[in-house]
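What follows is one structure encoded as structure tokens, with my remarks underneath.
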Amino acid sequence: MNNNYKLMTGSEAIRDALICAQKRIKNILLISEGVADPSSFYGTTKDLSSHFKKNQIIEMPLSESALGGISIGAAINGMRPVLNFHRVEFALLAMEQIFNNAAKASYISNGKHKVPLVLRLVIGRGWGQGPAHSQSLENIFSSIPGLKVIMPTFPNDTKGLIIGAIKDNNPVVIIEHRWCHYVSEKVNKGFFVNNINEGPKALSNGKDFTIVATSYGVIESMQAVKILKKYGINVALFDLRILRPLNLKKIITSVNQTGRLLTIDTGFKFLGIGSEIASQITEKCFSNLKASPIRLGFPDHPTPSSRGYLKNVYTNTQIICDKIMRGLKVNKNIQKKVKENIKKISTKEIDIPNPLFKGPF
């Protein structure tokens, strides 16, 4: 048995990353609402008071703009704050601080003022979230020069990317999908850093189609790739991971081979990250494209609260398989078999991530 790894969930890996970073990186501050709350920020800050010094954990009131300003000021003055917001929407109240101060401080000071700030935001898919707490706004943050944006999927990668973000001298926005907190795998023990300037990670090889997905969309895509392979359809799957800076070299190479691209946004399809990827791929792979790029994402309306209206809101394994099979003009007999195969494995409720989930938060 290899003792260098430990089985962890996504939330446990984040907690471990914070503990490991605190031991090796100077001047870390943890700024949040509800650090010591029983829910402990989805389990990611559980018992951190026993690992951090008392003055390293700052429990803050509900004033997101103030939290943003305080964190940016602390970062400029030599600290490395990790600022946690329970929902990505809560950061909307601190947009001016993030976009005009954190993102621009280094540029307007000619590099004199660094802002080593980590901003953790959570996507709140699940029952009861409704229109205001279930958005995924990575396209907004990724459009701002001066910000780095990452969307990790798997626990081991998440741990290394969070430590890398804390070490970085730029403001880094980490968008965590609530459902990825339940994903489990073996995680490297101790301190290690994943490069937050790297490109996407290839999860499968294939010459029929290229999929680029983010966050929980990667999990759904993996199931689709596995099922399609049984019927001779080989798909290259990439976990984008790093949205800003956006490095598409591996994806360009893949699309030049497959001639087909499917992007899967965790947020809205309209003006999403997939739109930017499809645009760049069309510019750079135009002569090798066999068909127009296909995009998947949220439909162009607010997310409903009712489970009954959610059927076609979230991209799932069936939708991904359908898009690929139609793009390849797969015969209806195989399409039927794929659908039957998916029914056998799709037992999860559309708005509940895990049997352990007690909700609504």
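The values are calculated or read from the model by the stated rules, or taken from the named source; none is laboratory data. Here the structure is a predicted model, which is why all the values come from computation and not from measurement. Note: ideal-geometry Cβ built from the backbone for every residue, glycine included; neighbour counts use all protein chains shown.
General observations
- Total residues in the stretch 1-38, condition part of a strand (DSSP E or B) and within 25 Å of Leu67 (Cβ to Cβ): 5
- Only one of Ile251, Ile294 that is at pLDDT 95 or above, in contact with a Ser or Thr (Cβ under 7 Å, 6 or more places away or on another chain) and among the hydrophobic types (A, V, I, L, M, F, W, C): Ile251
- Tyr231 closer than 30 Å to Lys336 by Cα, modelled with pLDDT of 95 or more and buried (at least 22 other Cβ atoms within 10 Å of the Cβ): no
- Some residue of the stretch 149-165 being part of a loop (DSSP other than H, G, I, E, B), aromatic (Phe, Trp, Tyr) and not assigned by the TED database to the domain that holds Asp300: yes
- Just one of the listed residues (Ala213, Ala202) is within 20 Å of Pro293 (Cβ to Cβ) and buried (at least 17 other Cβ atoms within 10 Å of the Cβ), and it is Ala213.
- Which listed residue is among the small types (Gly, Ala, Ser) and either touching a helix residue (DSSP H, G or I) at 6+ places or on another chain (Cβ under 8 Å) or closer than 27 Å to Val183 by Cβ (or both), from Gly274, Gly232: Gly274
- Restricting attention to the stretch 102-133, the residues that are modelled with pLDDT under 95 and either touching a Leu at 6+ places or on another chain (Cβ under 8 Å) or basic (Lys, Arg) (or both) total 1.
- Residue among Glu185, Glu138, Glu176 that is within 21 Å of Phe238 (Cβ to Cβ) and either surrounded by fewer than 19 Cβ atoms within 10 Å (Cβ to Cβ) or at pLDDT below 95 (or both): Glu185
- Applying the condition of being free of Cβ contacts under 8 Å to residues at least 60 places away in the same chain and outside any helix (DSSP H, G or I) to the stretch 308-322 and asking which residue is nearest to the chain's Cα centre (by Cα) yields Val313.
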